[in-house]
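Asks: After the structure tokens below, expect a handful of questions from me.
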Amino acid sequence: MDEMREKLAGCFRVVFPDMPPEAVYTASQSSTPQWDSVAAISLVNVLEEEFGIELDFEALADLTSFPLILDYLKVQVA
């Protein structure tokens, strides 16, 4: 799962290039001012491309942090 975690971190770095590396793993919408609706859609696009999946739009409202997205990917990509 470390590979998935690092791939996800890479996705965050693409969407949030100014985020300090140590902040990526705990990033959330509430702690990341740049994580607005545009950034959320950008993140979805990067995730879908990187992991070869299609995110369920019903789940998007719950994918509000790095840990929650990682948990979601563990189920979807497994």
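Coordinate-derived values only; no laboratory data. These figures come from a predicted structure and were not determined experimentally. When we count neighbours, we look across all protein chains shown, and the Cβ atoms used for this are built from the backbone with ideal geometry, even at glycine.
Asks: Looking at region 41-77, which of its residues are touching a Leu at 6+ places or on another chain (Cβ under 7 Å) and surrounded by fewer than 17 Cβ atoms within 10 Å (Cβ to Cβ)?
Replies: Those that are touching a Leu at 6+ places or on another chain (Cβ under 7 Å) and surrounded by fewer than 17 Cβ atoms within 10 Å (Cβ to Cβ): E48, F51, D62.
Asks: Any residue that is touching a strand residue (DSSP E or B) at 6+ places or on another chain (Cβ under 8 Å) and part of a loop (DSSP other than H, G, I, E, B) - is there at least one of those in region 45-62?
Replies: No.
Asks: OK, next. Tell me, which residue of region 17-40 that is among the hydroxyl-bearing types (S, T, Y), in a helix (DSSP H, G or I) and in contact with a helix residue (DSSP H, G or I) (Cβ under 8 Å, 6 or more places away or on another chain) is surrounded by the fewest Cβ atoms within 10 Å (Cβ to Cβ)?
Replies: Residue satisfying both the conditions and the ranking: T26.
Asks: Got a number for residues in region 1-31 being among the charged types (D, E, K, R) and more than 23 Å from V77 (Cα to Cα)?
Replies: 2
Asks: Let me ask something else. Cβ-Cβ under 9 Å, sequence separation 6+ or interchain: first residue in region 49-78 and over 23 Å from Q34 (Cα atoms) and touching a residue at least 24 places away in the same chain (Cβ under 8 Å), partner surrounded by 16 or more Cβ atoms within 10 Å (Cβ to Cβ) and aromatic (F, W, Y). Which pairs?
Replies: Q76/F51; V77/F51
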